[in-house]
Amino acid sequence: MSHDRFVYVTFIRTTPEKLWEALTTPEFQRQYWFGMHVDSDFKPGSPWRLLFEDGSAADAGEVLEADPPRRLAISWRHEWKPELAAEGLARASFDIEPGDGTVKLTVTHEIDRTGSKLIEAVSGGWPRILSSLKSLLETGQSLTRDQTVTRAA
Amino acid sequence: MSMDAVFKALADPSRRELLDRLHARNGQTLGELCEGLGMTRQAVTKHLAILEQANLVATLRRGREKLHHLNPIPIHEIAVRWIGKYEPAHLRALSDLKTSLEEPNHEP
């Protein structure tokens, strides 16, 4: 089957436990995810929703795998732009590997189709989110602190 | 991850061509990347290893295949370091202007 897939790899000077906490805790997420946060208990089978500041959902899905602090896999359904929502379920995974003083984070976002507008749309956001996450964990300051997105944007 | 490795990897036109090919179509095998290139398979393998070491290429195993993906994170970090503080919209407008003026079919 044909896929559209992006793979992002970043090395962060932190511990796997802190990175897991940053990925799964709203107080952290709001600082590097353009003011958005994820509502979920991050247990396998649980739902998750990525929420704008006004509480409306941008994306949602189900937790497929959760193995703290090593691997998180989620299904991904877009919620508000009809042409992206019509593409159906995508998948995202977060793999955390400890290394020599740094932790390797691999984010994979894929869908079982080609020419996906959803994958194209998220491909622009992830590098900014991940750079900001890295900055937050390494320096205590994120890069997107003053940037938030709203549903109207 | 050293920035030296990123700049060194980007300094070679063959390696930039490989990144262009992944930008056009992500997730290619070594065989696919070699198609139509004026480089030996050994040379492509060597260049890919340098790109992977610089974290500009990320590989994934899917069954028996090793798929190569363009990883934009190090280039994004370069942008954040030196141009991030300027207004991104202005830079994009300038870049769009340059692209449109340089288009082969552009009529002055």
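This table checks each residue for (1) more than 14 Å from every other protein chain (Cβ to nearest Cβ); (2) closer than 25 Å to A:ALA121 by Cα.
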residue	(1), (2)
A:SER2	no, yes
A:PHE11	no, yes
A:PRO16	yes, no
A:LEU23	yes, yes
A:PRO26	yes, yes
A:GLN31	yes, yes
A:GLY45	yes, no
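Output the number of residues of the stretch A:112-146 satisfying the condition of being more than 13 Å from B:HIS76 (Cβ to Cβ) and crowded, with 20+ Cβ neighbours inside 10 Å.
As a first pass, look at the stretch A:112-146 and keep what is more than 13 Å from B:HIS76 (Cβ to Cβ): A:112-122, A:136-142, A:145-146.
Retained after the next criterion (residues that are crowded, with 20+ Cβ neighbours inside 10 Å): A:116, A:118-119, A:122, A:136-137, A:142.
Result for the stretch A:112-146: 7.
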As an exercise: evaluate A:VAL122 against (1) aliphatic (A, V, I, L, M); (2) in contact with a strand residue (DSSP E or B) (Cβ under 8 Å, 6 or more places away or on another chain); (3) at pLDDT 90 or above and give the number of the one condition it does not meet.
(3)
Between a first residue in the stretch A:38-65 that is over 19 Å from A:ILE129 (Cα atoms) and a second residue that is at pLDDT 95 or above and acidic (Asp, Glu), which pairs have beta carbons less than 6 Å apart while being 6 or more apart in sequence or on different chains?
A:PRO47/A:GLU62
Whichever residue in the stretch A:120-129 is facing chain B (nearest Cβ under 10 Å) and touching a Phe, Trp or Tyr at 6+ places or on another chain (Cβ under 6 Å) and, among such residues, is farthest from A:ASP4 (Cα to Cα)
A:TRP126
Please determine whether any residue of the stretch B:61-70 is within 20 Å of A:THR106 (Cβ to Cβ), within 12 Å of chain A (Cβ to nearest Cβ) and aliphatic (A, V, I, L, M).
yes
Taking interchain pairs and intrachain pairs at least six residues apart, which have beta carbon atoms under 6 angstrom, with the first residue in the stretch A:4-24 and under 21 Å from A:HIS37 (Cα atoms) and the second surrounded by fewer than 17 Cβ atoms within 10 Å (Cβ to Cβ) and at pLDDT 95 or above?
A:PRO16/A:PRO98; A:TRP20/A:PRO68; A:THR24/A:PHE42
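Restricting to the stretch A:15-67, name every residue that is among the β-branched types (Val, Ile, Thr) and over 29 Å from A:THR139 (Cβ atoms). Working first, answer last.
Keep residues of the stretch A:15-67 that are among the β-branched types (Val, Ile, Thr), which gives A:15, A:24-25, A:38, A:63.
Hit for the stretch A:15-67 is A:VAL63, nothing else.
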Result of the Cβ filter at 8 Å on the stretch A:99-111, keeping first residues that are within 11 Å of chain B (Cβ to nearest Cβ) and of a type in the set (Lys, Arg) and partners that are assigned to a strand (DSSP E or B) and buried (at least 17 other Cβ atoms within 10 Å of the Cβ), at least 6 apart or interchain, is A:LYS104/A:VAL9; A:LYS104/A:THR10; A:LYS104/A:PHE11; A:LYS104/A:ILE96
What number of residues within the stretch A:1-37 satisfy the criterion of being closer than 24 Å to B:LEU56 by Cβ, in contact with a Leu (Cβ under 8 Å, 6 or more places away or on another chain), crowded, with 20+ Cβ neighbours inside 10 Å and among the hydrophobic types (A, V, I, L, M, F, W, C)?
5
Is it the case that the stretch A:78-93 has a residue that's closer than 22 Å to B:THR59 by Cβ and at pLDDT below 95?
no
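The values are calculated or read from the model by the stated rules, or taken from the named source; none is laboratory data. Because the structure is predicted, anything quoted here is derived from the model rather than measured. With ideal geometry, Cβ positions are generated from the backbone for all residues, glycine too; neighbour counts draw on all protein chains shown.
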